[in-house]
Amino acid sequence: MVGKTILVTSGKGGVGCSTVAARLALAFARRGVTTLLGDLSWGNPALDVLCGLAERVVYDVRDVLCARVDPRRASLPVITVQNLTLLPGTTVFEGVPGDAEAIRLFETLRGGFDQDVMILDVPKETVTVLSEFADAVLAVSDVSAASLRATAALRFSPRASNVRVVLNRYPTDREKTKIYPTVREAIDLAGLPLAAILFDDPRLPQDDETAPGEFPERPLLDAPCKNLSVRLTGGHAPLLTGLIRGRKRRKTLTQMGRRRLENA
Ligand SMILES: Nc1ncnc2c1ncn2[C@@H]1O[C@H](COP(=O)(O)OP(=O)(O)O)[C@@H](O)[C@H]1O
Ligand SMILES: [Mg+2]
């Protein structure tokens, strides 16, 4: 049985849900924590490509859902990263599974693997029903008002008390022409406690051109993801340390609303 289950979702598409799920899984795996990364984005999988396994997929999560194949047989080791296994998502879309089906799939995955951590990239329709069964739920949002509103509109099980927001693509340099919410304003808008802040990395889109599955160092995402992975397994790790130093760090902290960060 899987040790810890983490759901990653988002209210709005394109805000980095799959990227965060993959980078968080990578952070766990690099710390030596055996990790299963599952793609439950029905009809719109992304993690197989991100992990460099698109050409190797034989079975996917739909085959597991239909009980056509054992979950272990449907999964693939991520060749470039030790300790990381992928359960690919399905390209076939016939609507998201119903509540009972989604819960059955979740239990099958949890019982079918023995990794320390299972991270599932789930659509918002599915997180509604699964949130109460997971150890942690991360709602990914960028700092746009549209995404933060969509995050606030997410429906979780009334019994779920483990839902937090991951602010993704936080601008490191505040452009004078654009107005961004502070972290405090962002989490107020999203209506959820803060799990982590990941920064906007202009180099990330170029990763499309590097060999898939090679994860080049992206400290603006990797450092906060590593710290988040530590916090998720009960350790202490700060939100920002090691990332931005000196005057720039002070400036960034001030901009973000310092007190809230230290309390988070
Ligand atoms: N922190 C970031 N900095 C820069 N680009 C990012 C960041 N997070 C995600 N992206 C980019 O945003 C796009 C959408 O990301 P994706 O994870 O596919 O979103 P979603 O799963 O929410 O639809 C991708 O091109 C990805 O590279
Ligand atoms: Mg996605």
Asp222 accessible area, 1.4 Å probe, all protein chains in place, Å² to nearest 10: 20
Does segment 1-104 classify as rounded, prolate or oblate by the C-alpha gyration tensor (a ≥ b ≥ c root eigenvalues; a/c under 1.5 gives rounded; else a/b over b/c gives prolate, otherwise oblate)? rounded
In deg cm²/dmol, rounded to the nearest 500, the helical mean residue ellipticity at 222 nm of the chain, built from -39500 (n - 2.57) for every DSSP H run of length 4 or more, is -10000 deg cm²/dmol
Net charge near Asp114 (other residues with Cβ under 13 Å of its Cβ; Lys, Arg +1; Asp, Glu -1) is +2
Taking a 1.4 Å probe, which of Phe106, Phe93 shows the most accessible area, and what order do the others take after it? Phe93, Phe106
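Please report the net charge: other residues with Cβ closer than 10 Å to the Cβ of Ala190, K and R +1, D and E -1.
Value of the local net charge: 0.
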In the neighbourhood of Arg62 defined by beta carbon distances under 10 Å, the net charge of the other residues (Lys, Arg +1; Asp, Glu -1) is -2
Only Cα pairs under 8 Å and at least 6 apart count here; give the relative contact order of the chain as a rounded whole percent. 24
Suppose a student asked you for the relative contact order of segment 24-84, using Cα pairs under 8 Å spaced at least 6 residues apart; what percent would you report? 44
Could you tell me what percent of the accessible area of the chain is made up of carbon and sulfur, with a 1.4 Å probe and every protein chain present? 49
Between Glu101 and Arg159, the two model label points (7 Å from Cα along the beta-carbon direction) sit apart by a distance in nm of 2.2
From most to least accessible, 1.4 Å probe, no ligand or DNA/RNA atoms counted, Val2, Val96 line up as Val96, Val2
What fraction of the DSSP beta bridges in segment 4-263 is antiparallel, stated in percent and rounded to the nearest 5? 5
Separation between Cα centres of segment 84-120 and segment 26-58, rounded to whole Å: 12
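The values are calculated or read from the model by the stated rules, or taken from the named source; none is laboratory data. Remember, predicted model here, so these are calculated numbers, not experimental data. Cβ sites come from the backbone with ideal geometry, for glycine too, and all protein chains shown count toward neighbours. Only protein heavy atoms, including side chains, enter the accessible area calculation; ligands, DNA and RNA are left aside. Shrake-Rupley method; radii C 1.70, N 1.55, O 1.52, S 1.80 Å.
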